[in-house]
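The values are calculated or read from the model by the stated rules, or taken from the named source; none is laboratory data. The shown structure was predicted, so the numbers you read here are calculated from the model rather than taken from an experiment. When we count neighbours, we look across all protein chains shown, and the Cβ atoms used for this are built from the backbone with ideal geometry, even at glycine. With ligands, DNA and RNA removed, areas are computed over all heavy atoms of the protein, side chains included. Shrake-Rupley method; radii C 1.70, N 1.55, O 1.52, S 1.80 Å.
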Amino acid sequence: MVSFQLQRFRDYQGESMPSQDQGAKLLALIAHEIRSPLSVITNTAQLLNMNEDATPEERACYELIMRQARQIDDTANTLISISRIKLGKDPIPRDDFLLCEQLFEVIESSRHLFEKKSMRVRLETPPHATTVSGSKILFKQAMINLLNNALKFSPSNSNVHVNVSQENERVVVSVKDEGRGLDPNETRSLFSLYVQSGDNSNRSGLGMGLYLVKKIARLHGGGVSVSSEGHGKGCDFRLWLPISDSTLMA
């Protein structure tokens, strides 16, 4: 059912795109379509894990399934949140939070995935605290998507550089990898819905990660961009958000 819906939505490409309300409703529909099989998968995995004779390898498979299921569920929740905000059903959360603190939590929660590929995440932050007004849950989801993208397209034993800087009245988070890089044609459409970069061997997932990063940034009055010097030279993703008044007055 999910693959049918994805193909249906991809059919919009090359035709007239849906209105903003229709687009928001489509995001919510995808989220619900994702959740239906996800609950079956997790319930089945939990039943299998109840087997007292399960081997260590089987236990490890269970943990992997549950970890990936939580990530998919987080994506579904993000889709629903964005949909409800765009339809005017929910306001955009406006809580002040320390950006570097949330960023550190995201990196630490993802560190084991990078270690499996012998990759290192190097974080550089400004000496002063930077506060952003918005949803820290959505911000963390955007950073998870950017880090997952770097992980997916980077070779083993490479580095991912995460840098936080302040430019006038906005904070910029740069995620720079040492991966396959992009050509100019790929950068122009990379943040569109259902667009996936890379060769066929790397084309897994729903093709919504970077699209959600763009939507989350714009909901907060910010934006996202990507630059690359070409194939084999990595990518530099830059996410920027307005700095809260409390930081500007500090």
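General remarks:
- Whichever residue in segment 162-176 is open to solvent by 70 Å² or more (accessible area, probe 1.4 Å) and not charged (D, E, K, R) and, among such residues, is farthest from GLU115 (Cα to Cα): ASN168
- Counting the residues of segment 131-151 that are buried (at least 21 other Cβ atoms within 10 Å of the Cβ), touching a strand residue (DSSP E or B) at 6+ places or on another chain (Cβ under 8 Å) and of a type outside the set (Gly, Ala, Ser) gives 6.
- Matching option when the condition is in a loop (DSSP other than H, G, I, E, B), in contact with an Asp or Glu (Cβ under 6 Å, 6 or more places away or on another chain) and modelled with pLDDT of 90 or more, among GLY234, GLY179: GLY234
- Scanning segment 81-94 for any residue that is polar (S, T, N, Q), touching a Ser or Thr at 6+ places or on another chain (Cβ under 8 Å), touching a residue at least 12 places away in the same chain (Cβ under 8 Å) and surrounded by 13 or more Cβ atoms within 10 Å (Cβ to Cβ) turns up at least one such residue.
- Residue within segment 57-78 that is touching a Phe, Trp or Tyr at 6+ places or on another chain (Cβ under 8 Å), part of a helix (DSSP H, G or I) and open to solvent by 90 Å² or more (accessible area, probe 1.4 Å) present: no
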